[in-house]
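Q: This is the structure I want to talk about, given as structure tokens.
What follows draws every value from the coordinates through simple rules; no lab data is involved. Predicted model only: the values in this text are computed from it and were never measured. So basically every Cβ, Gly included, is an ideal-geometry build from the backbone, and we count neighbours across all protein chains shown.
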Amino acid sequence: MKRGTDETGRSLRTLRVGEAMRHALAELLARGAVRHAELEGRIVSISEVRVSPDLRHATAFVMPVGGSAEDEAAVLKALNDNARAIRLALARAVNTKYAAEIHFRVDESFAAGARIDALLRNPRVRRDLETPAPRRPDPDDD
């Protein structure tokens, strides 16, 4: 692993900037600073912000809490409609040379986690997890 990178190869600088942007974006949404009818009274979870190596583009992964697929689409549209205002607010909150152009995407990791959880709760899988695997004979035991 190269110095200054994580296990996925992203630089620690982009990770730090992404985390700062995530905190600032979550604060903006919690304060209600983004004015849109679809966002009024909704709690939106910001799970991650990925920043490009040149810090000019950022992708925020969002998920409305307790929402359906229609809610996801409406929140995503509202955030993308207000992307310019959000970009300016983030530029003030996170001090970088450039104001990153921000894009919003629905976070699919919640659905993937729910699928894995459902699989692990399946009685057949649970049975396999609870019973110990048969021990193979060791060839060196002769």
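Q: If each DSSP helix of 4+ residues adds -39,500 (n - 2.57) and the sum is divided by the residues in the chain, what number results at 222 nm, nearest 500 deg cm²/dmol?
A: -14500 deg cm²/dmol
Q: Over the Cα atoms of the chain, compute the convex hull volume and normalise it per residue, giving Å³. Write down the numbers at each step before the final one.
A: Details: hull volume 22.3 nm³, N = 142.
Cα-based convex hull of the chain, divided per residue, equals 157 Å³.
Q: Over every pair of different alpha-carbon atoms in the range 65-118, take the mean of 1/r and invert it; report that Kirkwood radius in Å.
A: 13.1 Å
Q: What distance in nm separates the two pseudo spin-label positions at residue 136 and residue 96, each 7 Å out from Cα along the beta-carbon direction?
A: Each label point is offset 7 Å from its Cα along the Cβ direction, giving 4.8 nm.
Q: Over the range 1-123, calculate the relative contact order: mean separation of alpha carbon pairs under 8 Å at least 6 apart, over the residue count, as a percent.
A: Dividing the mean separation by the residue count of the range 1-123 yields 24 percent.
Q: List the chymotrypsin sites (Phe, Trp or Tyr not before Pro) within the range 74-119 that DSSP assigns to loop and that have no more than 14 neighbouring Cβ atoms inside 10 Å.
A: Listed in order of number, the matching sites are 98.
Q: Here is a further query. Restricting to the chain, compute how many DSSP beta bridges are antiparallel as a %, nearest 5.
A: 55 percent
Q: Provide the packing ranking of 62-72, 112-122, i.e. peptides ordered by the mean count of other C-beta atoms within 10 Å per residue, highest first.
A: Those peptides, ordered most packed to least, come out 62-72, 112-122.
Q: Separate question: Using the count of nearby Cβ atoms within 10 Å as a rough guide to exposure, how do 107, 128 rank from fewest to most?
A: So the residues, fewest neighbours to most, are 128, 107.
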